[in-house]
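Only the coordinates and a few stated rules stand behind these numbers; no lab work does. Worth saying up front: this structure is predicted, and the values here are computed from it rather than measured. Cβ: placed from backbone, ideal geometry, glycine included. Neighbour counts: every protein chain shown.
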Amino acid sequence: MGGYVPRLLDAELADVVATHPAVLVVGPRACGKTTTTRRHCRSVLRLDVPAQAALARVDPDVALRGLEEPVLIDEWQVVPEILGAVKRAVDDDPRPGRFVLTGSAQADLTSSGWPATGRIVRLTMFPLVGRERHGDAAAPSLIDRLFSDGADVLADSAVDQDVEGYVTEALTSGWPEALRVPTDRARDRWLRGYVDHLATREALALGLARDPSRLRRYLQAVAANTAGTPTHKLLYDAAGIDRATAVGYDTLLESLMITQRVPSWAGNRTDRALRLPKRFLIDPGLLGPLLLVDHRRALRDPDLLGRTLDTLVAAQFRAECTVSTIGADLFHLRDANGRREIDLIIESRDGHVLAIEVKATSSPSSHDARHLEWLRDQLGNRFTMGLVVHTGPRVFRLADRVLAVPLAALWSSALR
């Protein structure tokens, strides 16, 4: 992978820079925030450079003065006082396109207050997904297109991909640096180093006291249950820690955007908080270093294969939700007795629903669509479409408003 890879966030970031004075881009470490934001800015204040950080500490207002705008303030958390200077600059002159900030999630974890509330727009960036790696990142959100155009979005041409290719896609990860290295061995080394950094340095850099071995065990427990709905007790027992410690680890890992809890969906919103969330690794490439598996192991283990593909599909839709202009939120569905489960539910702000099932098969049948048909019958016109995402080559109809869709059709030229 050479040169700049266009990102889903590019269009949204350009729009925010054109209409707001300041924007903060958040995302997991090394997902490409600095590379992308630099393309939208005319000057850079790098606070990870000691000389530039020293000036910002002495007088953050002076550090910003005279820089050509938009100014990228990279690694803002190194000198948190810079946020106050941004606030003052925006208060004095609220022209659009003045500042773009990037950095860690330190404010979410350690700051007692956020001095720029109401003055900085927050955007979210994730590791590379399929549409950025193989498709058209400049196209409108897939979610918006599915809600507006339905089945017409999906072409019926064959997709040249199989289950082995999908597992390889998942385990190579979406981190740009990991994808740039020339060999599988080098990529594995980079991903193992990423996990080691999370466990041994990231928490300490945020001023949080964590036991690296216990944090790693807890993250391994989450990885083993990615795309599942484990009880919290199952996870902290597996890691050999107590509940209070596990709660702290959850806060840390979610703030660092390494894990996500997807809430349960129900027709009555008040029911959602009463049900177990579905847990995901943000990127399936972390499965390799955490569980010590490769694509051959995943292909031999049906449970691991299913979790790998589910995590890959969730990554695509999570990223699409962040750039949706109609507004969309991600859920999962599991009824009270566990007889009906749907892997992902995407609800638009007007209450319409897309439902997704992920199946590790190249030939899905109407049996695989039964829970989607049940939800369709429950929701009526609110049910826009159900997708059975599979590893075969073609799009085809399984039932009214329910399609079988190859996983690669979520990002490939098979999208009209």
- Query: What number comes out for the charge environment of residue 178, summing +1 per Lys or Arg and -1 per Asp or Glu over other residues with Cβ under 15 Å away?
  - Reply: -1
- Rounded to the nearest 0.05, what FRET efficiency do residue 138 and residue 361 give with R0 = 35 Å and r taken as the Cβ-Cβ distance? Could you check? 0.60
- So how far, in whole Å, is the C-alpha centre of region 160-178 from the one of region 336-369? 23 Å
- If you place +1 on the Cβ of every Lys and Arg and -1 on the Cβ of every Asp and Glu, how big does the dipole about the Cα centre of the chain come out, in debye to the nearest 20? 620 debye
- Task: Show me 68-74, 170-176, 281-287, 211-217 ranked by packing, highest mean number of other Cβ atoms within 10 Å first.
- Result: 281-287, 170-176, 68-74, 211-217
- If we sort 339-348, 221-230 on the protection proxy, mean other Cβ atoms within 10 Å, highest first, what's the order? 221-230, 339-348
- Item | Computed magnitude of the charge dipole of region 9-124 (debye, nearest 20; Cβ of K, R +1, Cβ of D, E -1) | 120 debye
- Can you tell me the FRET efficiency between residue 68 and residue 121 if r is taken as the Cβ-Cβ distance and R0 is 22 Å, rounded to the nearest 0.05? 0.60
- Task: Sequence neighbours fewer than 8 away in the same chain don't count; with that in mind, list the lysines whose C-alpha is under 29 Å from residue 33.
- Result: 87, 278
- Item | Where labels lie 7 Å past Cα in the beta-carbon direction, separation of residue 254 and residue 149 in nm | 3.5 nm
- Query: Reachable aspartates and glutamates from residue 233, Cα under 16 Å, same-chain residues fewer than 8 places away excluded?
  - Reply: 242, 250
- With the dipole of region 9-124 worked out from charges on the C-beta (+1 for Lys and Arg, -1 for Asp and Glu) around the Cα centre, which of 50, 28, 40 lies farthest toward the positive end? 28
- So what's the angle, to the nearest 10 degrees on a 0 to 90 scale, between helix 82-92 and the longest Cα principal axis of the chain? 80 degrees
- Query: Taking K and R as +1 and D and E as -1, what net charge do the other residues with C-beta under 10 Å from the C-beta of residue 250 add up to?
  - Reply: +1
- Cα extents of region 9-124 along the three principal axes, largest first, in whole Å? 36, 30, 26
- C-alpha long axis of helix 370-379 to longest principal axis of the chain, angle in °: 70 degrees
- Note on the structure: Kirkwood Rh for region 275-361 from C-alpha pairs, in Å, is 14.3 Å
- Task: Can you grab the distance from the C-alpha centre of region 40-77 to the C-alpha centre of region 1-20, Å, no decimals?
- Result: 21 Å
- Task: Using R₀ = 22 Å, calculate the FRET efficiency as 1/(1 + (r/R₀)^6) where r is the Cβ-Cβ separation of residue 186 and residue 296; round to 0.05.
- Result: 0.75
- Task: Taking the chain as the reference, fit the longest principal axis to its C-alpha atoms, fit the long axis of helix 212-224 to the helix C-alpha atoms, and give the angle between the two in degrees, 0 to 90, nearest 10.
- Result: 30 degrees
